[in-house]
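Chemist: The structure that follows is given in the form of structure tokens.
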Amino acid sequence: ICIPLPPEGEPTSAAVQEILRWQSRTMEMMMDRIARMLHKKGLADKHPTDYLMFFTPTKQESPDDVPSELAAPKPNSVAEKSRKSLRYMIYVHSKLAIFDDEYMIVGSANINERSLNGNRDSEMCVGAFQPAFTKEKCGDGEIEGDVRTFRLALWAEHCGKTMPEHLRANSDECMKAIRQMADENQASYIADEPKGTKSHWMSYPLNYGKDGTVSSLENCKDYPDTGGLIIGKASDFLPNSITT
């Protein structure tokens, strides 16, 4: 699952912090269900992240990438901090899902009242598949239609390279390879020294326990440069209807 580092808005504001709290609680609900099922099936050697991972796209540059003609940012601003660290989020606005290399759906609606009410925002959505490239048609073989080609191209862009493990998205090898790359990008992103990377995917900076709990990373509880608790915080005055 790919989500933006923080949602739209000021990460330290009460509204965004409340939204982030609901987000982390939703993550925990999903991880908890997987952990319970693994326990039920006696799969003690498995971890919830073997089946579900949260990623976020980010941009990291080296000092050599910065144009010399750029004007200096305002002192003590987020822009100044970002200029020094040379890191920033890539916002995720698309609502895209790809299922088993067989079906994809992309639309404009958010999962909220404003988008789904039917009497407010105008939204659009497209679903696509190829009749000749379905599980029913391909049986136990690989589904190698245009949906798969699109996924491979998308993953190559996010990862900065093609990887043989991408060919079988449902394999343990694929999950391990992507997780290793994303964890390395996360470590690079939260470090103090700027380091350019070709890949954009990094693990969403929270700790995912084997028991399904979701907690803050000890070395990165707040968003770098902008501030704001990554795990979020309950508001004392905002009603739930505003942030759900």
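Chemist: For the range 218-244, which residues satisfy the criterion of being buried (at least 16 other Cβ atoms within 10 Å of the Cβ) and in a loop (DSSP other than H, G, I, E, B)?
Modeler: Result: Y223, P224, D225, T226, G228, I230, I231, G232, S235.
Chemist: Would you say R148 is under 23 Å from the mean Cα position of the chain (by Cα), basic (K, R) and either in a loop (DSSP other than H, G, I, E, B) or closer than 23 Å to C2 by Cβ (or both)?
Modeler: Values: under 23 Å from the mean Cα position of the chain (by Cα): yes; basic (K, R): yes; either in a loop (DSSP other than H, G, I, E, B) or closer than 23 Å to C2 by Cβ (or both): yes.
It is true that R148 is under 23 Å from the mean Cα position of the chain (by Cα), basic (K, R) and either in a loop (DSSP other than H, G, I, E, B) or closer than 23 Å to C2 by Cβ (or both).
Chemist: With respect to H166, determine if the residue is part of a helix (DSSP H, G or I), in contact with a His (Cβ under 6 Å, 6 or more places away or on another chain), within 30 Å of P205 (Cβ to Cβ) and not hydroxyl-bearing (S, T, Y).
Modeler: Details: part of a helix (DSSP H, G or I): yes; in contact with a His (Cβ under 6 Å, 6 or more places away or on another chain): no; within 30 Å of P205 (Cβ to Cβ): yes; not hydroxyl-bearing (S, T, Y): yes.
Taking the combined requirement at face value, the residue does not satisfy it.
Chemist: Right, here's the next one. Suppose we filter the range 1-19 for residues that are over 13 Å from the mean Cα position of the chain (by Cα) and crowded, with 18+ Cβ neighbours inside 10 Å; how many remain?
Modeler: So the answer is 5.
Chemist: Out of the residues in the range 68-90 that are at negative phi, surrounded by 13 or more Cβ atoms within 10 Å (Cβ to Cβ) and assigned to a loop (DSSP other than H, G, I, E, B), state the one that is nearest to the chain's Cα centre (by Cα).
Modeler: That would be I90.
Chemist: Let me ask another. Looking at this structure, is R151 touching a residue at least 24 places away in the same chain (Cβ under 8 Å), within 27 Å of I230 (Cα to Cα) and basic (K, R)? Before you say what the answer is, go through the steps one by one.
Modeler: Working: touching a residue at least 24 places away in the same chain (Cβ under 8 Å): yes; within 27 Å of I230 (Cα to Cα): no; basic (K, R): yes.
No; evaluated as a whole, the condition is false for this residue.
Chemist: Would you check if there is a residue in the range 137-150 being within 22 Å of T26 (Cβ to Cβ), modelled with pLDDT of 95 or more and exposed (fewer than 13 other Cβ atoms within 10 Å of the Cβ)?
Modeler: Scanning the range 137-150 turns up no residue that is within 22 Å of T26 (Cβ to Cβ), modelled with pLDDT of 95 or more and exposed (fewer than 13 other Cβ atoms within 10 Å of the Cβ).
Chemist: Are any residues in the range 52-67 under 11 Å from the mean Cα position of the chain (by Cα) and not in a loop (DSSP other than H, G, I, E, B), and if so, which ones?
Modeler: F55, T56, P57, T58
Chemist: Is it the case that the range 102-109 has a residue that's part of a helix (DSSP H, G or I) and either out of contact with any Leu (no Cβ under 8 Å at 6 or more places or on another chain) or exposed (fewer than 14 other Cβ atoms within 10 Å of the Cβ) (or both)? Even if it seems obvious, please write down each step before you answer.
Modeler: Within the range 102-109, the subset part of a helix (DSSP H, G or I) is none.
Scanning the range 102-109 turns up no residue that is part of a helix (DSSP H, G or I) and either out of contact with any Leu (no Cβ under 8 Å at 6 or more places or on another chain) or exposed (fewer than 14 other Cβ atoms within 10 Å of the Cβ) (or both).
Chemist: If I go through the range 42-60 residue by residue, how many of them are surrounded by fewer than 19 Cβ atoms within 10 Å (Cβ to Cβ) and over 16 Å from Q180 (Cβ atoms)?
Modeler: 8
The values are calculated or read from the model by the stated rules, or taken from the named source; none is laboratory data. The structure presented is a predicted model; accordingly, all values stated were derived computationally and were not measured. Methodologically, a virtual Cβ is constructed for each residue, glycine included, from the backbone with ideal geometry; neighbour enumeration extends over all protein chains shown.
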